[in-house]
Amino acid sequence: MKLSPNVTSIGQMAHIAQEAGADAVSLVNTFVAMSIDVESRKPRIANVTAGLSGPAIKPIAVRMVYEASKSVQIPVIGIGGISTAADVIEFMLAGATAVQVGTANYWDPRATEKIVGELQRWCAGHEVSRIAELTGALAL
């Protein structure tokens, strides 16, 4: 089940999804955003608001994945601003069991392929034999 980030407690929403029978949760989607042209005093977006995605939302998404993963026993799929292997690793350390690459594909159609290569090199250099070892391995 894909969870909206526009809630008070993402952990609670993830728990409710799990209790309702979800096999996994994915988060987060775009955040509702707005931009105004200060000279014309008009919205820069025809619909006034639109979804904000990409690297700008990554820190919020990582926090939400962390909170959700602490509230459920089902897999958590991290989404939001992933464009490098380090981003994948960060989401996994926060508790993601998998990730989705979205916006990065707009500026580089081979982004996912490149990320996988970077991830393989990082794991080899850090003696990580299974990427699943990273899930929830944040050192506090």
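So how exposed is GLU90, as accessible area in Å² (1.4 Å probe, rounded to 10)?
For GLU90, the solvent-accessible surface is approximately 70 Å².
Enter the accessible area per residue of segment 1-136 (Å², integer; probe 1.4 Å; all protein chains in place).
Per residue, segment 1-136 has an accessible area of 58 Å².
Can you give the percent of C-alpha pairs in segment 7-51 whose distance is more than 16 Å?
Cα-Cα pairs in segment 7-51 separated by more than 16 Å: 57 percent.
With all protein chains present and a 1.4 Å probe, how do ILE89, ILE45 order by accessible area, largest first?
Final ranking, largest accessible area leading: ILE45, ILE89.
Pull up all non-local amide H partners of SER26: gap of 5 or more, or a different chain, and H-to-H distance under 5 Å with H placed in the peptide plane.
Those qualifying (amide H under 5 Å, at least 5 residues apart or on another chain) are LYS2, LEU3, ILE77.
Treating only the Cβ of Lys, Arg, Asp and Glu as charged (+1, +1, -1, -1), what charge dipole size does the chain show about its Cα centre? Round to the nearest 20 debye.
That gives a dipole near 300 debye.
Once the Cα atoms of helix 10-19 and of the chain are each reduced to a long axis, what angle between those two axes, in degrees from 0 to 90 to the nearest 10, is obtained?
60 degrees
³J(HN,Hα) across segment 64-75 via Karplus (A = 6.51, B = -1.76, C = 1.60, θ = phi - 60°), whole Hz, x for Gly/Pro?
5, 4, 4, 5, 5, 5, 7, 9, 9, 9, 8, x
Given a 1.4 angstrom probe, I'd like the percentage of the accessible area of the chain that is carbon and sulfur, rounded to a whole number.
55 percent
Identify which of MET13, MET92, MET64 has the largest mean-square fluctuation in a Gaussian network model of the chain, with springs joining Cα atoms closer than 10 Å.
MET13
State the extension gain, in nm to one decimal, for the chain segment bounded by TYR106 and GLU19, taking 0.36 nm per residue of separation less the distance between their alpha-carbons.
Gain on extension, TYR106 to GLU19, equals 27.8 nm.
In segment 1-90, which trypsin sites (Lys or Arg not before Pro) fall in coil by DSSP and have 10 or fewer other Cβ atoms within 10 Å?
Those that pass, being in a loop and sparsely packed, are ARG41.
Sort TRP107, TRP122 by heavy-atom solvent-accessible area, probe 1.4 angstrom, most to least.
Details: TRP107 150, TRP122 75 Å².
Result of the area sort, largest leading: TRP107, TRP122.
By the gyration tensor of its Cα atoms, with a ≥ b ≥ c the square roots of the eigenvalues, what is the shape of segment 58-140: rounded for a/c under 1.5, prolate for a/b over b/c, or oblate? Write out the running numbers ahead of the final one.
Details: a/c = 2.14, a/b = 1.21, b/c = 1.77.
Oblate is the answer for segment 58-140, as a/c is 1.5 or above yet b/c matches or exceeds a/b.
Using the alpha-carbon atoms, what tilt in degrees (0 to 90, nearest 10) does helix 111-125 show relative to the longest principal axis of the chain?
Once rounded, the angle reads 40 degrees.
Need one word for segment 1-133: rounded, prolate or oblate. Basis is the Cα gyration tensor (sqrt eigenvalues a ≥ b ≥ c); a/c below 1.5 gives rounded, then a/b vs b/c decides.
The shape class here is oblate.
How big is the antiparallel share of DSSP beta bridges in segment 27-140, given as a percent to the nearest 5?
60 percent
The values are calculated or read from the model by the stated rules, or taken from the named source; none is laboratory data. Since we're looking at a predicted model, the values are computed, not measured. In this analysis, Cβ positions are derived from the backbone assuming ideal geometry, glycine residues included, and neighbour counts consider all displayed protein chains. Heavy atoms of the whole protein, side chains included, go into the accessibility calculation; ligands, DNA and RNA do not. Shrake-Rupley method; radii C 1.70, N 1.55, O 1.52, S 1.80 Å.
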